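For reference, the structure discussed in these notes is given below.
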Amino acid sequence: MADGSSVFRSKIEPTTRVEITPQAAKETRGAEVSPEVPYTDYQKEHNHPYMVDHFKLGDTWDIFADDVGVIESYFADRIHDGSIANSINAIKTELKKMEKLNNLKDEERAVVKIGVLTAHIKFLMETDNIKSNLKKYAST
């Protein structure tokens with residue numbers, strides 16, 4: 001602008017005008033959510049116990065059948081006596097508590113988790129049996 005001429009800005013018109021219009025709301029259904037199966041019916045529905053899925057044992061879970069059976073029967077007894085709700089979430093909560101109690105929270109190996117939890121549950125079952133016998137045979 002050293003020559004003294006002035007340049008004025010001129011309005012620039014957009015050459016193409018893009019209009020954004022909202023698309024018609026598509027009729028979509030929410031994800032079909034089936035109701036959660038109660039824990040005691042899980043094996044009937046999925047053809048394997050819940051612990052198989054919880055510990056991600058896959059098709060080779062029969063190697064752990066005895067340990068899975070101990071864990072399953074413990075929770076079935078707790079549900080039967082009313083101390084745990086008959087839901088998968090209640091079982092998950094109890095398993096988390098047991099894993100924390102046995103310092104398994106960061107353990108990734110299912111073999112270790114199952115072995116330690118089975119031993120812990122067998123211990124709990126023995127102490128419950130002792131308490132039960134004490135109530136039956138204690139003299140008052």
Notebook entry, point to check: Pulled fully out, how much extra length does the chain show between V37 and E108, if you take 0.36 nm times their separation in residues and subtract their Cα-Cα distance?
Noted result: 22.9 nm
Check: Considering amide H positions built from the backbone, and no H for Pro or chain starts, which residues 5 or more places from I84, or on another chain, come under 5 Å of its amide H?
Finding: I79
Next item on the list: Using the structure shown, select from K44/K96; K100/K131; K113/K136; K97/K136 the pairs with a Cα to Cα distance greater than 32 angstrom.
Entry: K113/K136
Next item on the list: Could you tell me which of T40, L104, G69 has its Cα farthest along the dipole of region 34-140 towards the positive end, charges placed at Cβ (Lys, Arg +1; Asp, Glu -1), taken about the Cα centre?
Entry: L104
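Values quoted throughout were computed directly from the atomic coordinates according to the rules given, and no laboratory measurement underlies them. Source: prediction; values computed, not measured. A quick note on method: Cβ atoms are made from the backbone with ideal geometry, for glycine too, and the neighbour counts reach across all protein chains shown.
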